[in-house]
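Working notes, beginning with the structure itself.
The values are calculated or read from the model by the stated rules, or taken from the named source; none is laboratory data. Note that the structure is predicted; figures quoted are calculated from it, not measured. Using ideal geometry, Cβ is built from the backbone for each residue, glycine included, and neighbour counts are taken over all protein chains shown. Ligands, DNA and RNA are stripped out before the accessible areas are found, and what is left, the full protein with its side chains, is counted by its heavy atoms. Shrake-Rupley method; radii C 1.70, N 1.55, O 1.52, S 1.80 Å.
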Amino acid sequence: MNGYILMTIIYFITRQVGETMNTKTLMYILKRILLAIVTIWVVITVTFFVMHAVPGGPFTSEKAVTESVEAAMEAKYGLDKPLHVQYLTYLKDIVTKFDFGPSLKQRGRTVNQIIADGMKTSVKIGVIAAFIALIFGVVFGAIAALRRNKFVDRIIMIITTAFVSMPSFIMGSFLLIIFANHLKILPANGAAKNGLILPIITLSLYPMAYITRLTRSSMLEVLGQDYIRTAKAKGVSGMKIIFGHALKNSLIPVITYFGPMLAYIVTGSIVVEQVFAVSGIGRSFVNSITGRDYPLVMGTTIVLATLIVIMNLVGDILYKIVDPRITLE
Amino acid sequence: MKKKLLSVLLASSMLLSLVACGKDADTSAEKERQSTQKDATESTGNAANEEGKNSGVINVCLASEPASLDPALNSSVDGATLITHLFSGLAKWGLNAQGKVELQPDCATELTEGKSNPDGTVTYTYTLKDGLTWSDGKPVTASDFVFAWNRAAGPALAADYGYMFDVVAGYDEMVAEGASPDLKLNAEAKDDKTIEVTLKNDVPYWNELLAFPAYMPVREDVVANEGWATEPSTYVCNGAYTMGSWDHNSVITLTKREDFIDAADITMNEINFYLSDDTNNMLANFENGSWEFIDDVPTNEIPNLKDQYPSEFVCEGQLGTYYICWNNNQSLLPKSSTLSGAEKVKAENEIRNAIALLIDRNYIVNDVAKGGQVPASSFVAMGLTDEDGSQFYENAGPDKNITGYFDVTEDAYEDNWTKAVNTLKKYYTYDEASGKFTDIPTFTYLYNTNEGHKAIAEAVQAELAGVGINFNLENQEWATFLETRKAGDFSVARNGWLGDYNDPISFLDLWTTASGNNDAQLGKGANAETAAYSIDLSDLGYDTKIENGTWAETYDVVVKDIKVCTDPKTRYALMHRAEDLLMSTGCICPIYFYTDLYMIDDTVSGFFSSPLGFKYFMYCKVNK
């Protein structure tokens, strides 16, 4: 079922892409993909060397382990080899085998397993939060624009200003106190039944508020355009103007926000997962750094960086597709 | 970062704390424990509970995902709690008829006395109970124990707690550099039911070790799969519970084993261990009734929680000391000073000891840390027992009328202050008008990034500034901090130590010259060859009498003597001497003895925690 939906989406995108595509844009896209690969390689390299340059190691603990134990562990994981050898081995393993190596802290588990486990939850939260943000953001934004300077508009603007300026750890704690501690209608822990509802809401509020404001201003701009006036003059119904002409065009800035929104959701989930004790990749990311679990630091960084790079790329290409006026250089 | 495995405790929490009471029955630690136990029973044993209603399910949260649930590899207290529910060793901690926590035989029919051999070694023989099975139905045999011990101790596994086997004969040879991998501990399975193990010499805490996770049996075919301890399907154990499910970073569910030999005594059918280390999240879940037990609380909420939950907020002793550690190689004297060599070191010892007197520990405990900690003036923590069963720390120090090396009662603070100022006047210029010293160098106080440590650092900074001693505060992230401190790249640093078993040697052998935990750099670096220490053991029947020796010639010698001494009275006397010498350096400035804070719902009865800080939920009932 999911496969079918995906196929359909790909079909429509390729068709659309095909229509707008010319050699120049194709070259542009290729260039961007190449650039994305270089970006990820730079991220890998910088992270790798900075990580090893930071003091402290995976086997450092308050109770010092004996030198022979530490040496044995380092040999076991290849940490005794020169840094450039470790680096090349690492690159080779991810490129040829897509193998991020074993976790140094959670002995017996591989980074691939840990990431796969974490992604299950994180993707679920992230995707749902993104959808909620999009749908409600666009709806509220459109309402606010159409009721400009009326009471509804004012309320929406006040609330969205509050949401945009409140960091997610405060928002999370706030929702947790109200819904989990006072009303007791939702659990405070991600592992419980319905435990993901609060984290999803927390994560979606900021992008939703942002999209609301974005939609509102771009809708206002579009509503003032000549072609809307023409349509009105031609006697097109109000509904048709809004949905057929205005909304479609006012969504262009929203699409450009796609990449930054994803970046926000990825980084925001690091905080939100901590607040609600959700077993996502964000928590693994933070813990791997404090624990100097080198392969897990690398693995999570690469996955998160790749995600952001790809989403930005997709956002830019979509931008071109929905707005043919844009020329990609 | 974990509980005690991130958070204050988080930082220090990665440590394993074992306390406890030796084989001799009536130690005062046990008495104390008995009283906490009684309080706990009173607080949780309300009338409704006595009707014996029990939901059979308990939801608890100790810390975040355990690094390993392999008994040999675990090094955290929360992991140890899980393992004690999943595995049975030769011995276990349990409640006796009087509700007192004590060591009891578990897989062994009895905890036997050792037989001394002519060469000084001691051999113990244990017989396994009948009907012991693994969770997959196979019988538990003596060779499973022997295999597990060799595995846990061996260099191939490189386990943090491999050294817990250093009392067993054969261990030193096994872990020596370049040792053959065929070397084994002196432990043997005589038949399927009989285990014979030989110790280098008799140690008072041997039975305690038998109840320690590293001593739990594992089966060779099970652990051949390196990832065996990460998934329920491959996790084969021999204890009261089996691992029902493990949703990584989320929750571990333990399910009661009906075929467990003592299944009739186990009242809890299911235990859900939620994996979180966010103390605010833990508290939210406790307050809304989702969880019945949480092992940590937000530091800034402690005063409120004490008022709000008088019966549910519990503060128990823990075998650890929070202290400020000086780098022995840090110069303290003013530039004008002409002292050098041993004289300089002796002067610095005196200065450090004087500075220790300037700190108001009661203020730190009552107004800063606020967790029921006990002001400390010695290094070996409260809860460790002396030879006669009394508290080791109460007998420490030269003056028998005061506890520890100096008086930390509230009334003594003013005198301490005057005494300290007078001592410091010998070395520094004192400006009577401002009441401050004018030529004490400025030091950098290093701590790991944490609100609790910061608050204590600030309190100390403010107190010392009052006499003109200036501390700059610097914080580092945990792993960086450990590395810096270990390497001796600091002047003054916060430090803490939790004992591994109830024997003062677990605190004292940190400070031998070669110890990896010798953060104070005693006997290392610039002062390695300085002959500034004296020790006289002649009254205890030893030849050692050294006037002005190096650290290695004095402290290391006493610790070595302690390790091979078999007469308990002499041994404890030696340990007091070692602590005397250690404290004379002033490098260790004790602040307080740690406490273990947790919250337990009023509906829970039958809970206890071992002196080691492991929590026991198997005999609990939840009246819900």
Just the accessible area for B:Asp489, please: 1.4 Å probe, Å², rounded to the nearest 10? 110
Net charge of neighbours whose Cβ lies under 12 Å from the Cβ of B:Asn281, counting Lys and Arg as +1 and Asp and Glu as -1: -4
With an 8 Å Cα cut-off and a minimum separation of 6 or more residues, compute the relative contact order for the stretch A:117-290 in percent. 35
Entries in B:Lys92/B:Lys454; A:Lys63/B:Lys524; B:Lys256/B:Lys624 that, when Cα-Cα distance is taken, lie over 28 Å: B:Lys92/B:Lys454
Let me understand the protein assembly as shown better: what is its radius of gyration from the alpha carbons, and its Dmax, in angstrom? 31.8, 114
What does the charge add up to near A:Val271, with Lys and Arg as +1, Asp and Glu as -1, over the other residues with Cβ less than 14 Å from its Cβ? -1
For a quick size check, give me the Cα extents of the stretch A:1-150 along its three principal axes, largest first, whole Å. 71, 45, 36
If you roll a 1.4 Å probe over the protein assembly as shown with all protein chains in place, what percent of the accessible area is carbon or sulfur? 57
Taking Cα centroids, how far is the stretch B:369-436 from the stretch B:544-617 in Å? 17
Rounded to the nearest 10, the angle in degrees between the Cα long axis of helix A:197-223 and the longest principal axis of the Cα atoms of chain A comes to 40
Placing one equal point scatterer on each C-alpha of chain B and summing with Debye, one gets log10 I(q)/I(0) at q = 0.07, 0.08, 0.09, 0.11 Å⁻¹ equal to -0.45, -0.59, -0.75, -1.11
Can you work out the Karplus-derived ³J(HN,Hα) for every residue in the stretch A:248-264? Use 6.51 cos²θ - 1.76 cosθ + 1.60 with θ = phi - 60°, whole Hz, and x for glycine or proline. 4, 6, 6, 7, 4, x, 4, 5, 5, 7, 3, x, x, 5, 4, 4, 5
Applying 1/(1 + (r/R0)^6) with R0 = 22 Å to the Cβ-Cβ distance of A:Ile9 and A:Val236, what FRET efficiency is obtained, to the nearest 0.05? 0.15
Looking at the stretch B:310-388, which trypsin sites (Lys or Arg not before Pro) are in a loop (DSSP not H, G, I, E or B) and have at most 14 other Cβ atoms within 10 Å? B:Lys335
Sorted by accessible area (1.4 Å probe), largest first, how do B:Asp386, B:Asp119 line up? B:Asp119, B:Asp386
At 7 Å along Cα-to-Cβ for each site, give me the label-to-label distance between B:Tyr363 and A:Thr45 in nm. 5.5
Computed on Cα atoms only, the convex hull of the stretch B:171-213 has an orientation-averaged projected area in nm² of 4.3
Contact order normalised by length for the stretch A:138-196, with contacts defined as Cα pairs under 8 Å and 6 or more residues apart; what percent is it? 14
Report the gain in length on full extension from B:Asn548 to B:Ala462: 0.36 nm times residue separation, minus Cα-Cα distance, nm rounded to one decimal. 27.3 nm
Using a 1.4 angstrom probe on the protein heavy atoms only, line up B:Lys92, A:Lys92 by accessible area, largest first. A:Lys92, B:Lys92
For B:Lys426, the lysines lying under 16 Å Cα to Cα, once residues fewer than eight places off in the same chain are dropped, come out as B:Lys335, B:Lys344, B:Lys346, B:Lys436
Below 8 Å between Cα atoms, with a sequence gap of 6+, how large is the relative contact order for the stretch A:221-305 in percent? 16
Please list A:Phe100, A:Phe258 in order of solvent-accessible area, largest first, computed with a 1.4 Å probe with all protein chains present. A:Phe258, A:Phe100
Ignoring solvent entirely, what values of log10 I(q)/I(0) come out of the Debye formula for the stretch A:201-329 at 0.16, 0.21, 0.22, 0.23 Å⁻¹ when each Cα is a single scatterer? -0.88, -1.17, -1.22, -1.27
Scalar couplings 3J(HN,Hα) for the stretch A:305-310 by Karplus 6.51 cos²θ - 1.76 cosθ + 1.60 (θ = phi - 60°), nearest whole Hz, x for Gly and Pro, are 5, 4, 4, 5, 4, 5
Please identify every one of the GluC sites (Glu not before Pro) in the stretch B:487-587 that sits in a loop by DSSP and has no more than 12 other beta carbons within 10 Å of its own beta carbon. B:Glu529
Which FRET efficiency value, to the nearest 0.05, do you get for B:Asp415 and B:Asp247 by plugging their Cβ-Cβ distance into 1/(1 + (r/R0)^6) with R0 = 60 Å? 0.55
What nm value, rounded to one decimal, do you get for the distance between A:Ile178 and B:Leu95 when each label is placed 7 Å out toward the C-beta? 4.3
Can you compute 3J(HN,Hα) from phi for each residue in the stretch B:426-443, using the Karplus curve 6.51 cos²θ - 1.76 cosθ + 1.60 with θ = phi - 60°, rounded to whole Hz and x for Gly and Pro? 5, 10, 10, 7, 10, 9, 4, 4, 8, x, 10, 7, 9, 10, 7, x, 8, 10
By a straight-distance test (C-alpha under 17 Å), which aspartates and glutamates pair with B:Lys138 as possible cross-link partners, with residues fewer than eight away in the same chain excluded? B:Asp130, B:Asp191, B:Asp192, B:Glu220, B:Asp221, B:Glu258, B:Asp259, B:Asp262
Could you work out the helix-only [θ] at 222 nm for chain B, with each DSSP H run of four or more residues adding -39,500 (n - 2.57) and the total divided by the number of residues, to the nearest 500 deg cm²/dmol? -8000 deg cm²/dmol
Other chains' Cβ within 10 Å of B:189-199 residues: what's the mean? 0
Of B:Lys545/B:Lys569; A:Lys97/A:Lys320; B:Lys100/B:Lys569, which ones are farther than 24 Å apart at the Cα? A:Lys97/A:Lys320; B:Lys100/B:Lys569
Please state, to two decimals, what the Cα-based radius of gyration of the stretch B:304-371 comes to when divided by 2.2 N^0.38 Å (N = residues). 1.76
Once label points are set 7 Å from the Cα along Cα→Cβ at both B:Lys569 and B:Ala156, what is their separation, rounded to one decimal in nm? 4.7
Could you tell me what % of all Cα pairs in the stretch B:393-490 have separations over 21 Å? 52
Relative to the Cα centre, what is the charge dipole magnitude of the stretch A:271-329, using +1 at the beta carbon of each Lys and Arg, -1 at the beta carbon of each Asp and Glu, and rounding to the nearest 20 debye? 80
Could you tell me the calculated FRET efficiency between A:Arg32 and A:Glu221, based on Cβ-Cβ distance and R0 = 30 angstrom, to the nearest 0.05? 0.60
Post the alpha-carbon centroid distance, the stretch A:267-329 to the stretch A:63-110, in whole angstrom. 24
Please work out the Cα center distance from the stretch B:79-136 to the stretch A:132-173, rounded to the nearest Å. 64
With equal scatterers on the alpha carbons only and no solvent term, can you work out the Debye log10 of I(q)/I(0) for the stretch B:512-624 at 0.17, 0.23 1/Å? -0.86, -1.28
D for the stretch A:117-290, whole µm²/s, Stokes-Einstein with Kirkwood Rh over alpha-carbon pairs at 25 °C and 0.890 mPa s: what number? 142
So, for the protein assembly as shown, what is the accessible surface per residue at a probe of 1.4 Å, expressed in square angstrom? 41
Set of aspartates and glutamates with alpha-carbon distance to A:Lys124 below 19 Å, sequence-local pairs under 8 removed: A:Glu273, B:Asp247
